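K.L.:
Right, I'll just put the structure down here and ask away after.
The values are calculated or read from the model by the stated rules, or taken from the named source; none is laboratory data. Keep in mind that what you see is a predicted model, and the values were worked out from it rather than measured. All Cβ positions, even for glycine, are placed from backbone atoms using ideal geometry, and neighbour counts span all protein chains on display. All accessible areas refer to the heavy atoms of the entire protein, side chains included, with ligands and DNA or RNA removed. Shrake-Rupley method; radii C 1.70, N 1.55, O 1.52, S 1.80 Å.
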Amino acid sequence: MERENIEKQLFEIEVLQSIYSNSNEFTLDNEDALYEAQAYLSQPEDKTLLDRKLGFSIKFSADCIDDRENEIKILLELVCRLPSSYPLLSPPDIFVRSLSIKLDRNFSEELSNYVKSSHDNDSAIINIIEWIKDNVSRFINGTSEKKNVQNESSNSEKKIYERVFFYSHHIFSSEKRRCIYQWAQELNLEGFFMPGKPGIICVEGERTNVQSYCAKLRSVPWQKLQIKESQCFEFEPEEWKSVKKFTNFEEKIFTSNNQTFDLGLLFAFLKEKNLDYIFTLYFGVDGKLPSTN
């Protein structure tokens, strides 16, 4: 099934590139990820070729009617990451930002609900873009005039945010656990960490703070500590609130009723955050939800 997912992802990217073929309309996050995914089709035994997930952004315009019944055209950017379980098992990880006007904060929530509820285990990006074009008018924040994109960009208070996933051989030390938590609090970061073997740390927030946190982690000895995934975003603070995956930083212990480590609970937690593709990065296999028995 993983191979079929990658085939569908590559075909969908090819279609999207042909549709959005003008300069700067379609941008891959990482061309190496594309080459590695293509190589995987002929070397399916090499799971490391899927460590970097396929991702891209698409800039497109939508014709809208503002609150004063004026016709306006707004410029949007769809940012997409494709988990290894897409499209046969899960929807894509998507968010949209406006490059010309401010959208109501409810837009991201309704878009997310549409993406999840409409997913039918097939390629979805074109349908998602069409839904955005059909519905974005409802979320224009009372604006009645066209805004110059360049001026908007220069006047906005955008910041760089980052989300980083660490893998550790183990996290047992009570002192390390205290530092992991305390440093995240001091730097106003959100996310979680999972003690045990292996250990997992995920933090998100302003990039300067995330980088400081990374430096603090590397200042203490580890048997093994590596970054599994790093994602950067540029948003206004209000936009970031609707995109971030966590609301605090906490220690998470995923144990079943008999107090044994349960990977299914970890996968369920990540899936709830629409981060289930991260599971494969850590363990090299697709995750499974815990048994309900």
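K.L.:
How far apart, in nm, are the 7 Å Cα→Cβ label points at Glu71 and Lys59?
P.N.:
Rounded to a tenth, the inter-label distance reads 2.4 nm.
K.L.:
Also: I need the peptides 283-289, 3-9, 21-27, 272-278 ranked by packing, meaning the mean over residues of other C-beta atoms within 10 angstrom, with the highest value on top.
P.N.:
Ranking the peptides 283-289, 3-9, 21-27, 272-278 by packing returns 272-278, 3-9, 283-289, 21-27.
K.L.:
Here is a further query. What does the accessible area per residue of the chain come to in Å², with a 1.4 Å probe and no ligands, DNA or RNA counted?
P.N.:
52
K.L.:
Would you mind getting me the FRET efficiency between Thr27 and Val220? Use the beta-carbon distance for r and R0 = 51 Å, nearest 0.05.
P.N.:
With R0 = 51 Å, the Cβ-Cβ based efficiency is 0.85.
K.L.:
To continue, here is another question. What residue among Glu69, Glu130, Glu251 has the largest mean-square fluctuation in a Gaussian network model of the chain, using Cα springs under 10 Å?
P.N.:
Maximum fluctuation in the GNM of the chain, among the listed residues, is at Glu69.
K.L.:
Would you mind getting me the FRET efficiency between Glu109 and Leu265? Use the beta-carbon distance for r and R0 = 35 Å, nearest 0.05.
P.N.:
Once the sixth-power term is evaluated, E becomes 0.85.
K.L.:
So for the stretch 1-98, considering every pair of alpha-carbon atoms, how many percent are separated by more than 25 Å?
P.N.:
28
K.L.:
Measuring from label point to label point, each 7 Å out along Cα→Cβ, what is the Ser291 to Asp51 span in nm?
P.N.:
3.3
K.L.:
Also, quick follow-up: Counting only DSSP beta bridges with both residues in the chain, what percent are antiparallel, rounded to the nearest 5?
P.N.:
Of those bridges, close to 95 percent are antiparallel.
K.L.:
For a quick check: with amide H placed at 1.01 Å from N, whose amide H comes under 5 Å from Tyr161's, ignoring anything fewer than 5 positions away on the same chain?
P.N.:
Arg207, Phe233, Glu234, Phe235
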